[in-house]
Every structure is written in structure tokens, then in C-alpha cells.
Amino acid sequence: MSHLRNSGRSSRCTHARPQAAGALALASIATFFTPTASAQSISELGSLTPGDNCQAMAVSADGSVVAGYAGVPGGNHAFRWTAAGGMQDLGDFDHNSAATSISADGSCVVGWGVVLITRPDSSQGAYARVFRWTAAGGLENIGGSSTVDPNSGIANSGIGRAVNANGSVVIGDGGGCNLTETFRWTQATGTHSIGTFPLSDPCYSNVTAYALNFDGTVAVGQADMRAYRWTLGSGMIDLGNLTSHPWRMAAAKGITADGTVIVGSWGVNAAGFITQAFRWRADLGMQNLGSLDGAGISPADTATISVSNDGSVIVGTSNTADFIPRPFLWTQATGMVNLQTYLAAMGVDLTGWSLCYATGLSADGRTIVGNACMSPNATSGFIVRLPAVLPPCVTVTTPTSVAGCPGGTAGFSVIGTGVGPITYQWRRDSIALDTMANPSAATATLTLTGTQATDAGSYDCVVTSACGTATSGAAMLTVCAADFDCDGTVDFFDYDAFVMCFEGLACPPDKTADFDQDGSVDFFDYDAFVVAFETPC
């Protein structure tokens, strides 16, 4: 894991799988209270060492307890933070530690710490081991991989990845045969491998765990580049993929409390990390949620994607085409939106902040923790508290088709809703109308005056809010030449009106009997009108 540590501004965060040694980037947590247009605030969480920062990695179910890691002299330590108690240093074994997950009730933190082990050849090496922390037991070493690396005679590492609601079950992964396996720990049974897919070589299966449900009976992760769901009863089940590419990959990253909804990433690994987010249910299978701007979920194999207990809110990280990370928020109402843009549009003051990663989500989907690339105090951790009802990024109604008449007036209207200011751009046949020539083309109601046959076509409206764009459905404008009195219907009143105008008695406003527009009024105009009158619009 490569990170920057400094006392000034950091220009970019990186967030990869923690390694057993090396200094980790530091970040502090800024708290966003419920964002409104008039009241929002940012406050620092603090640090373990003055001037150092911290990384937020996980949050309890109620959003009140945060776990992660923070800088100490020579490395970093896992921490547990509450509003009342501040940041608590959880210590380490021999060197360095980092928290990766916290129980739903906030009482148990898991992660990894470095231990020094003497190898069979009498040399000494640093290896990661899973820790489980509770207030009563402190930092407990619960081991790691059970598969021994034949090159060193010991298991390479152990990283605690997730814990169940009350801290009684822990899953993690670690080295075995120079690769990885996933293991499950309980107080009664100790540590046991959860296995791999049938016919896989257990020594080369690269099995990684990412999340547990509330009671610890369902685990999710990645094995042989495939997303899996594991249960005590059925073992490991492949969740599938949404591509048939030879280098397809998928990884399950998050799970709901009851284990029925799973989120993760899928896509192509060998061709540029082009990956998207997915949501899976047994009855619906894997559904694509996409990514910001069509780019990739970042990084494809390790980025956290979290889901609320009811499966309605999802957060994670999506790269730009240049691999710059951005946190995303997904709901059915908002779709996938850039979290920073969405928060700013709701009125949260993010001046000086550049949010990069969303790493955890509370059970109700209203508290998000993550990390920033830059903040007013060079921090890279944050906690965001969202309102009870999330407004959609942008929605728009579909206009109603209308029939116009030559020289008459026609119009369309839409209703656009969303976060922040709303702008409108009307289009005809997918070509933007000139808002200088017709200012109403930049409003919710388009008005066309002096309509002619050339105005007929398909009209829609592109509505843009501060965090996204939506295009309305299309409506048709037909210019009905036989509607001579411009009352919206074609009937004998139109015939009588044309005859009176043709005979020079009276013409409707802005009308002429020169129906064929050849510059003269003659029986060719009469014949042209009769043909139009007898042809329904």
C-alpha cells in the first residue's frame, strides 16, 4: 500500500490492500452534519499524533463509531473514534496496525497488525496477523492463514477484513502458497479456511474476503477472479458476471444485514481495469449499476463498495479515465452520482475539499465515511451525514405532443426537479434550439410563435442540475395547415374561414389566402386548401 505522509496538503490519495509493513497515509475525519442550504459544518476528528492525520475505513451501524488507522511515530496505529471519547489508539503487536472493519454495535474492531516471526532458517521477518479488539480484551492476535508457505515454512500473512454485528465472527485472508486464502474465525472454533470453488487448486485459488452479514453466516468476496457468496450450509457460490470477455472478473464487496443483497464490481481485468458496480439478489441476479462517466470502479480488485441494510443506498469509488478516484453515491432516485458534487449541490460547504474514496456506510444509508485527496487541513478522512430523504439528482417529466398551425403559436412544458439550480435546453430532432433567437428554449416552457411546417418534429428537453443531467421523453409538434382558424381542431369552421378569406371578406389574424405561398391568390390556393382539409393531420 503506497501512501504519502506529510504535514502539508496531500495531492492525491491511494487506497489499496494494506501490507504488513510500511508507513500508511494519514488523514483526519471531517464531520458533515445534516446538509441544508443554510446550516452545514465541517469539523476535524483529530489525530493520534499532533500534526498527523488518519484514514477512515469503517463505520458502525448507527454511524456513531468510526474505525481506521492514523499516524504515529514510525508508522501507523488502528483507532476507534466516538464523538464523546475522541480518537482512541488501539496499539499494535510489534509494529504498525490498521483497522479495516467495525462491528455493527461498534464494540469490536478488526484489522491487522505486524508481528516479528523467526523463520525455520533462524532469520526474522515481519508478518501481518489478524487482530480483534474489544474494550474488555484489548488487541487480540487471532492469527491468520492456516496454509503454510513452503518457501518460508510459515503462513505469510493475515488481514482481518470484516466482522459480524456483535464481534463474534471475523473473516479475513492471508498468504498461503505465496497466494491467499479466506478464513473464518469464531471464539469456539478458532480459524478455519472457508475453501474455494470446486476443482480449484486450494494453493493457487487467490481467495479474498470482503464482507459479512450481521450474524456472520454469510460471507462475500472474490475467488479465482469470481465474485462469491459463501454460507455455512452451501459453501461458495459463484455470483456470475455481466460479460463473457475472456479476462472477465468480479468481486463481491458488500452485503446487507440479512445477506440477501450483495454489491461489488464486475468487468474486464486485463484490458485496463474497465469495471462497473453491480447489485445482486437471488431473484434478480447481477444488475449493472455502471460507474461515473462510464469509467471504472477503482481499483477493480480492492476498492470497498458498501450497501445499506435494505439495499437501497450504495457507496464506493469510481475512477476517471485517467485513474483519478472519486467517491460515488447510488440510490434508485439519484442513480450513480459523484458524492462531492451531490453534497455541494445540497448546500454542504466543501470549499478546499477534494473527496476521493467512500469506504463505509451506516445501516440506514445516511452516514458515509471515506477519504479525501485534499482538504483545508490536508486531511484525507471524512464522515458525511445525509438527510433522511435524499433528493433526486435530477428528474424531468415528458412534454405533451401538440398540433400547431401555420403562423400560430405552439408550446411544450416540462417539470424538472433536482439538487441545486436547474437549467433547461430544448431540442428539436435532437438538435439544440438557439436560445438567443428563442430565449424560451432555455426555460421549462418552450414557446414557438409563427409556426411553419419546418417547425414540425420531435421535441425534448435536456434538464441539468448541479450533479447530473436528464433528458425528457420526446413530444411531437405537427403543423396542421388546414387548421386555418388556429383553434387546435380541423373542422368546417376552418373551411368557412378560408373561403371568407379567399373571397376577400375577412381573414384570421396573420393569415392569408395564399395557401400555396406562391405570391398570388388563385384557385390553386383553393385546391391546395381542400387537399389539406381532406387529409387529417
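Observations on the structure shown:
- Residues satisfying the stated conditions in region 424-460, i.e. surrounded by fewer than 17 Cβ atoms within 10 Å (Cβ to Cβ), in contact with a helix residue (DSSP H, G or I) (Cβ under 9 Å, 6 or more places away or on another chain) and among the hydroxyl-bearing types (Ser, Thr, Tyr): Thr435, Thr447
- Taken over region 471-493, residues that are among the hydrophobic types (A, V, I, L, M, F, W, C) and part of a loop (DSSP other than H, G, I, E, B) amount to 7.
- In region 128-161, the residues that are assigned to a loop (DSSP other than H, G, I, E, B), buried (at least 24 other Cβ atoms within 10 Å of the Cβ) and modelled with pLDDT of 70 or more: Gly144, Ser157, Gly158
- Scanning region 300-310 for residues that are at pLDDT 95 or above and open to solvent by less than 10 Å² (accessible area, probe 1.4 Å) gives a single hit, Ser308.
- For the residues Ala188, Ala165, the requirement of being open to solvent by 40 Å² or more (accessible area, probe 1.4 Å) and at pLDDT 85 or above singles out Ala188.
Residues are listed down the side, and each one gets a yes or a no for (1) surrounded by fewer than 24 Cβ atoms within 10 Å (Cβ to Cβ); (2) hydroxyl-bearing (Ser, Thr, Tyr); (3) assigned to a strand (DSSP E or B):
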residue	(1), (2), (3)
Leu329	no, no, yes
Tyr342	no, yes, no
Leu350	yes, no, no
Leu355	no, no, yes
Thr359	no, yes, yes
Asp364	yes, no, no
Cys373	yes, no, yes
Pro392	yes, no, no
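- Counting the residues of region 399-440 that are under 27 Å from Phe533 (Cβ atoms) and part of a loop (DSSP other than H, G, I, E, B) gives 6.
- In region 267-291, residue modelled with the highest pLDDT [restricted to those that are more than 14 Å from the chain's Cα centre (by Cα) and surrounded by 23 or more Cβ atoms within 10 Å (Cβ to Cβ)]: Trp280
- Every test in (1) of a type in the set (Ser, Thr, Tyr); (2) within 30 Å of Asp494 (Cβ to Cβ); (3) crowded, with 24+ Cβ neighbours inside 10 Å is passed by Ser413 save one, and that test is (3).
- Pair list, Cβ under 7 Å, 6 or more apart: region 227-242 residue among the charged types (D, E, K, R), other residue in a strand (DSSP E or B): Arg229/Val218; Arg229/Val220; Arg229/Ile237; Arg229/Ala252; Arg229/Ile262; Asp238/Arg226; Asp238/Tyr228
- Counting the residues of region 380-390 that are in contact with a strand residue (DSSP E or B) (Cβ under 6 Å, 6 or more places away or on another chain) and either at pLDDT 85 or above or in a strand (DSSP E or B) (or both) gives 5.
- The set of residues in region 206-235 that are under 15 Å from Asp173 (Cα atoms), over 23 Å from the mean Cα position of the chain (by Cα) and open to solvent by less than 40 Å² (accessible area, probe 1.4 Å) comprises Val207, Ala223, Trp230.
Each row is one residue, and each column tells you yes or no for (1) touching a Ser or Thr at 6+ places or on another chain (Cβ under 7 Å); (2) open to solvent by less than 70 Å² (accessible area, probe 1.4 Å); (3) assigned to a strand (DSSP E or B).
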{"position": "Val462", "(1), (2), (3)": "yes, yes, yes"}
{"position": "Thr469", "(1), (2), (3)": "no, no, yes"}
{"position": "Tyr495", "(1), (2), (3)": "no, yes, no"}
{"position": "Met500", "(1), (2), (3)": "no, no, no"}
{"position": "Leu505", "(1), (2), (3)": "no, no, no"}
{"position": "Pro509", "(1), (2), (3)": "no, no, no"}
{"position": "Asp516", "(1), (2), (3)": "no, yes, no"}
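The values are calculated or read from the model by the stated rules, or taken from the named source; none is laboratory data. Just so you know, these numbers come straight off a predicted model, no measurement behind them. Counting neighbours? That spans all protein chains shown, and the Cβs are built from the backbone with ideal geometry, glycine included. Remember, those area values only see protein heavy atoms, side chains included, never the ligands or the DNA or RNA. Shrake-Rupley method; radii C 1.70, N 1.55, O 1.52, S 1.80 Å.
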